[in-house]
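Asker: Right, I'll just put the structure down here and ask away after.
The values are calculated or read from the model by the stated rules, or taken from the named source; none is laboratory data. What you see is a predicted model; the values in this text were computed from it and never measured. Cβ placement follows ideal geometry from the backbone for every residue including glycine, while neighbour counts extend to all protein chains displayed.
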Amino acid sequence: MSAFGRRNGMTGGPGVRPAFGVAKPMQGGAARPPAEPEGGDQFPPIAAAPLPGSAAEMELNAGNAAALAAPGADAMTRLAERVAATGDAASSRSEGFETSIHRIKEQVLPRLLERVDPEAAATLSKDELAEEFRPIIGEVLAELKLTLNRREQFALEKVLVDELLGLGPLEELIADPAISDIMVNGPEQTFVERKGKLELANIQFRDEDHLFQIAQRICNSVGRRVDQTTPLADARLKDGSRVNVIVPPLSLKGTAISIRKFSDKPITLDMMAGFGSMSQKMATALKIAGACRFNVVISGGTGSGKTTMLNALSKMIDPGERVLTIEDAAELRLQQPHWLPLETRPPNLEGQGEITIRDLVKNALRMRPDRIILGEIRGSECFDLLAAMNTGHDGSMCTLHSNSPRECLGRMENMVMMGDIKIPKEAISRQIADSVDMIVQVKRLRDGSRRVTNITEVIGMEGPVIVTQELFKFEYLDESADGKIIGEYRSMGLRPYTLDKARQFGFDQAYLEACL
């Protein structure tokens, strides 16, 4: 019998899904003005005085004390709520329609596998397999003396097909367009991100073996492997979503799968401006930067939207240019006709055959590229990218993790020094100042929104220091009652240093108007 049919038992009895609240963000701002009393200011209503020692008087005194302590009392109350919150692990096991279907699946699957050839089933599409399964499922249900209505039968067919050909319980999360991240923390806990906020997903795996099989299926589909000897793996799904897998003994709660989904519809700079991620002037400046072959570094934290920004900027590349992208796990999706994606390769079991990003960058220089785009730089390959930017490959782009444009420059210096190149720090700084034209800082704010917080130019060197000039900045103003951050995108009103480069492409006037 296939391993899909074994059932090692479900840990924990069925229970009600625990409440999992999202902590309220700290919000500032002035208190709301009191409502105007009836009769206006001249004839205010006279309230009856409460009797001494009554509940009404006690309530009035408590309200006065709270009013005196405001607005600091509200913040301290939220702090006290966080301290008092329980740290119990949330479980995604719950009762309901989906749970009952999964229980029936556990009974039907072993008998179904006895009647089906798995190799023949693997050659069919999901729709064809569902058609083949329908009469066999009916026979199994009759044997088990189970009666299902039409809705339950269709749900059972889908679950069984997803189990045999797809990714099991993850299929429904991957199909949901509102979900941008899926985080599986072992077989009993799965979180998803919707609109920048994390929430508990109502899915479940049979046990650790079930989850581990799905992780292996993901990795095997792209020629990667994951097991106890190689417990880390980067992979991707058919739709381009990025997957990271880590298994025991490194993961103590069981197999952990992190999936970063990408929108089916490419996001453009105009769309990001419409979402409020940047102002219209910032979008115009970034369009010109992409079209005029500026060397751009996109900086930000995890999940801040660096890859989305890189895809949007790549839309402005001339269709006649040859573009090479280099990544650990291919996730960039460019719309240019002359685009060649390259991907690194991990070492085999003997520790040989590894192809790093640095190897691919060196090889890419021999492939006559017009632009080289790195998905992310983490180490000594930074020097090779800087050399490419400074030797005739204008318009190259990359992303890296950093909290600010100034920290981004410091990280690039450190990454070059991580390699085996023995050159002084001043020479590294000068190389960065000569190569990089613009730094775009993106950030995911605490309300879940993703914003472009800084657009900064790299001007040159002044002594040992790299000189920068800020063109645009997002300034925090306040926070609304529902926790949304209110801010303003401000232009610094400075003449851009890269104006001469824009003039070579005929965009100098539009660039100057956007920055002023």
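Asker: Kindly list, by first and then second residue, each pair from a residue in region 239-254 that is of a type in the set (D, E) to a residue that is in a loop (DSSP other than H, G, I, E, B), limited to pairs with Cβ atoms under 9 Å and residues at least 6 apart or on different chains.
Answerer: Final answer for the pair search is D239/K261; D239/F262; D239/D264.
Asker: Could you list all residues from region 205-233 that are in contact (Cβ under 8 Å) with a residue 24 or more places away in the chain, over 15 Å from G166 (Cα atoms) and surrounded by fewer than 21 Cβ atoms within 10 Å (Cβ to Cβ)?
Answerer: Within region 205-233, D207, E208, D209, R224, T229, T230 meet the criteria.
Asker: Let me confirm something: among G320, G303, which residue is within 24 Å of the chain's Cα centre (by Cα), surrounded by fewer than 24 Cβ atoms within 10 Å (Cβ to Cβ) and not hydroxyl-bearing (S, T, Y)?
Answerer: Sole residue among the options that is within 24 Å of the chain's Cα centre (by Cα), surrounded by fewer than 24 Cβ atoms within 10 Å (Cβ to Cβ) and not hydroxyl-bearing (S, T, Y): G303.
Asker: Another question about this same structure. Could you tell me how many of the residues in region 387-398 are farther than 18 Å from E321 by Cα and either buried (at least 24 other Cβ atoms within 10 Å of the Cβ) or not hydrophobic (A, V, I, L, M, F, W, C) (or both)?
Answerer: Of the residues in region 387-398, 0 are farther than 18 Å from E321 by Cα and either buried (at least 24 other Cβ atoms within 10 Å of the Cβ) or not hydrophobic (A, V, I, L, M, F, W, C) (or both).
Asker: To continue, here is another question. Looking at R134, R151, which is the one that is touching a residue at least 12 places away in the same chain (Cβ under 8 Å) and of a type in the set (D, E, K, R)?
Answerer: R134
Asker: Given (1) closer than 21 Å to G300 by Cα; (2) touching a helix residue (DSSP H, G or I) at 6+ places or on another chain (Cβ under 8 Å), where does K362 come up short, assuming only one miss?
Answerer: (1)
Asker: Here is a further query. Within the group D234, D181, which residue is of a type in the set (D, E) and at pLDDT below 90?
Answerer: Result: D234 is the single residue among D234, D181 that is of a type in the set (D, E) and at pLDDT below 90.
Asker: Continuing with this model, one more query. Scan region 289-303 and tell me whether some residue there is touching a residue at least 60 places away in the same chain (Cβ under 8 Å), of a type in the set (A, V, I, L, M, F, W, C) and part of a helix (DSSP H, G or I).
Answerer: Within region 289-303, one or more residues are touching a residue at least 60 places away in the same chain (Cβ under 8 Å), of a type in the set (A, V, I, L, M, F, W, C) and part of a helix (DSSP H, G or I).
Asker: Mind checking whether some residue in region 354-364 is part of a loop (DSSP other than H, G, I, E, B) and farther than 21 Å from N244 by Cα?
Answerer: The answer is no; no qualifying residue exists.
Asker: Being in a loop (DSSP other than H, G, I, E, B) and either among the small types (G, A, S) or in contact with a strand residue (DSSP E or B) (Cβ under 7 Å, 6 or more places away or on another chain) (or both) narrows it down to one of S258, S251, S180, so name that one.
Answerer: Testing whether each residue is in a loop (DSSP other than H, G, I, E, B) and either among the small types (G, A, S) or in contact with a strand residue (DSSP E or B) (Cβ under 7 Å, 6 or more places away or on another chain) (or both) leaves just S251.
Asker: State whether the residues of region 338-359 include one that is touching a residue at least 24 places away in the same chain (Cβ under 8 Å), more than 26 Å from Q469 (Cα to Cα), out of contact with any Cys (no Cβ under 9 Å at 6 or more places or on another chain) and among the polar types (S, T, N, Q).
Answerer: yes
Asker: Further question on the same structure: For region 446-501, what are the residues that are out of contact with any strand residue (DSSP E or B) (no Cβ under 7 Å at 6 or more places or on another chain), within 19 Å of L313 (Cα to Cα) and surrounded by fewer than 20 Cβ atoms within 10 Å (Cβ to Cβ)?
Answerer: The answer is L499, and nothing else.
Asker: Shifting gears a bit: Looking at (1) within 23 Å of L445 (Cβ to Cβ); (2) in contact with a Pro (Cβ under 9 Å, 6 or more places away or on another chain); (3) among the charged types (D, E, K, R), can you tell me which one D264 breaks?
Answerer: (1) is the only condition that D264 fails.
Asker: Test A155 against the criterion of being assigned to a helix (DSSP H, G or I), among the aliphatic types (A, V, I, L, M) and exposed (fewer than 14 other Cβ atoms within 10 Å of the Cβ), and give yes or no.
Answerer: So A155 does not fit the description; no.
Asker: Shifting gears a bit: Given the criteria of a type in the set (A, V, I, L, M, F, W, C), over 25 Å from I357 (Cα atoms) and either out of contact with any Cys (no Cβ under 6 Å at 6 or more places or on another chain) or modelled with pLDDT of 95 or more (or both), does L409 qualify?
Answerer: no
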